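J.: Right, I'll just put the structure down here and ask away after.
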Amino acid sequence: MRLRGNDTALKNTRALPSLPAVRLTMAILLMLVAYALSGCTSEPPGPLEMDVYLDPDIPIVVREGDSFVLSLPDNPDSGYQWDAEFDEAVFSLESDTLVFAEDRECEVCAWGDYRFVFMATEEGESVIVTTLRRPLEADDIALQHHFNVTVTRR
């Protein structure tokens, strides 16, 4: 079929862009997609970072209004549980929870870390006593730690 200048089919066709223009457009689109996705690949913002304390022999110094974590090894299968005694005028307990270890060797093993999250509410010096014991046997203490904490003014 031969197209002539006054044929309606010729009037409805458009010229295709040149190959360099297509490459440039694709490069720009790829850069825009990469830029848009770069924000999506990073981890979403998590909770505010808090200091984590593991060793009761190291004194803790925090500022009034700051939160901090006492992390203690735990195995709830043993029947023992952690509890904490503290001065409620100086600290508030924000949470206490068991965090299971990700690298457990078996699915039935339930060991991990028990974490107490405290907020320092008042300036001063105090001791937080953590005790690992069986709940129904108050005298059966397996382990006890004394964390010395100094709270400074902001």
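The values are calculated or read from the model by the stated rules, or taken from the named source; none is laboratory data. Nothing here was measured: the structure is a model prediction, and the numbers come from that model. In this analysis, Cβ positions are derived from the backbone assuming ideal geometry, glycine residues included, and neighbour counts consider all displayed protein chains.
For (1) in contact with a Lys or Arg (Cβ under 9 Å, 6 or more places away or on another chain); (2) in contact (Cβ under 8 Å) with a residue 24 or more places away in the chain, each residue gets a yes or a no:
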| site | (1), (2) |
| --- | --- |
| Asp66 | yes, yes |
| Gly79 | yes, yes |
| Glu85 | no, yes |
| Ala89 | no, yes |
| Ser92 | no, yes |
| Thr97 | yes, no |
| Ala101 | no, no |
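J.: Taking the conditions exactly as written (part of a loop (DSSP other than H, G, I, E, B) and at pLDDT 90 or above), does Glu94 satisfy them or not? Spell out the reasoning first.
T.: Values: part of a loop (DSSP other than H, G, I, E, B): no; at pLDDT 90 or above: yes.
Judged against the criteria, Glu94 is not a match.
J.: Scan the stretch 128-139 for residues that are in a strand (DSSP E or B), in contact (Cβ under 8 Å) with a residue 40 or more places away in the chain and surrounded by fewer than 16 Cβ atoms within 10 Å (Cβ to Cβ) and report the count. Give the steps one after another, and end with the answer.
T.: Taking the stretch 128-139 first, the residues in a strand (DSSP E or B) are 128-134, 137-139.
Cutting the leftovers down to in contact (Cβ under 8 Å) with a residue 40 or more places away in the chain gives us 128-134.
Subset that is surrounded by fewer than 16 Cβ atoms within 10 Å (Cβ to Cβ): 129, 134.
So the count comes out to 2.
J.: Exactly one condition in (1) at pLDDT 90 or above; (2) assigned to a strand (DSSP E or B) is not met by Gly65; state its number.
T.: With respect to (1) at pLDDT 90 or above; (2) assigned to a strand (DSSP E or B), Gly65 is out only on (2).
One line per residue, one yes/no per condition, for (1) assigned to a strand (DSSP E or B); (2) at pLDDT 85 or above; (3) touching a Pro at 6+ places or on another chain (Cβ under 9 Å):
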site	(1), (2), (3)
Ala36	no, no, no
Glu43	no, no, no
Pro56	no, yes, no
Ser71	yes, yes, no
Glu102	no, no, no
Glu105	no, no, no
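J.: Just checking, how many residues over the stretch 108-126 are part of a strand (DSSP E or B), of a type outside the set (D, E, K, R), more than 15 Å from Gly79 (Cβ to Cβ) and touching a residue at least 40 places away in the same chain (Cβ under 8 Å)? Spell out how you get there, then give the answer.
T.: Of all residues in the stretch 108-126, those part of a strand (DSSP E or B) come to 112-120, 124-126.
Then keep just the ones that are of a type outside the set (D, E, K, R); that gives 112, 114, 116-120, 124, 126.
Checking which are more than 15 Å from Gly79 (Cβ to Cβ) leaves us with 112, 116-120, 124, 126.
Checking which are touching a residue at least 40 places away in the same chain (Cβ under 8 Å) leaves us with 116-120, 126.
Result for the stretch 108-126: 6.
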